[in-house]
Amino acid sequence: MSGSSNYAGKDKAELANLRANAERILADPKRSKLHAQARAMLENLPPPPAPTRGGSAAAATATTAAVEQLTALATELAGIFNLAPPEGTSQPHKFTGSDGKPKVGGRQRSKAVAVDRYLSHRRGDAIAAIGFLRRLDEEAETGGAWYVDQQNADTLPAKLEDSFEAARDAFVKRLEAIGTPRKG
């Protein structure tokens, strides 16, 4: 292996796969005969490119922090409430996304807002929801606010909370008000 020129025609995904494969080989003691070759490959691979998505590290942190808070809240409330859909529900309303993280709102998918991540639970016709929303015109580092009980996904919430704690308390009260059963 002679330098990174061997990898000149590779795209970002191919380079990431090569790096991951070499790391897997080095982590596997049964592949010790290939360790020297894998080490050489890692040394010759060009460094991974810096992230190209816009925004500063602080901008990513604002949304990341909100997602982490919602993910932790989902875990906490799953231990307190029975968040399974009621029996006989033909189309269950999931509390989180399929990956266990907060759902991505339609307003974010349609690019009406910069960020819309939320948790929601349905009992009958009632829905309890908590989410973090940042409008397109708000600063990435300081913008964004929490909302509770947004029923219409096509409009922006009328009331936003600056504090996660205030939104969390209102959300828990709403879960109780719609009859979400407690565990144990």
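The values are calculated or read from the model by the stated rules, or taken from the named source; none is laboratory data. Computed from a prediction, not measured in an experiment: that's the story for all the values here. Neighbour counts run over all protein chains shown; Cβ positions are idealised from the backbone, glycine included. Please note that ligands, DNA and RNA were not included when accessible areas were found on the heavy atoms of the full protein model with its side chains. Shrake-Rupley method; radii C 1.70, N 1.55, O 1.52, S 1.80 Å.
Brief remarks on what is shown
- Fraction of accessible area attributable to carbon and sulfur, the chain (%, probe 1.4 Å): 51 percent
- Within a straight-line Cα-Cα reach of under 22 Å, residue 94 can be paired with the following lysines, leaving aside sequence neighbours fewer than 8 residues apart in one chain: 103, 173, 183.
- Accessible-area order (highest first, 1.4 angstrom probe) of the listed residues 169, 137, 116: 137, 169, 116
- The angle between the Cα long axis of helix 35-44 and the main principal axis of the chain comes to about 80°, on a 0 to 90 degree scale.
- Residue 173 - accessible surface, heavy atoms, 1.4 Å probe, Å² rounded to 10: 140 Å²
- Rounded to the nearest 500, the helix-only mean residue ellipticity at 222 nm of the chain stands at -12000 deg cm²/dmol, with each DSSP H run of n ≥ 4 adding -39,500 (n - 2.57).
- About the Cα centre, charge dipole magnitude for the chain (Lys/Arg +1, Asp/Glu -1 at Cβ), debye: 720 debye
- Farthest toward positive dipole pole in the chain [+1 Lys/Arg, -1 Asp/Glu at C-beta], among 177, 88, 142: 88
- Calculated accessible area for the chain comes out at 62 Å² per residue, all protein chains present (probe 1.4 Å; ligands, DNA, RNA ignored).
- Centre separation in Å (Cα based) which lies between the range 122-151 and the range 84-102: 19 Å
- Surface listing: 147, 118 arranged by accessible area from highest to lowest gives 118, 147, probe 1.4 Å.
- Sorting 121, 93 by solvent-accessible area of protein heavy atoms yields 93, 121, largest first, with a 1.4 Å probe.
- Cα-based helix-to-principal-axis angle, 12-27 vs the chain, degrees rounded to 10: 80 degrees
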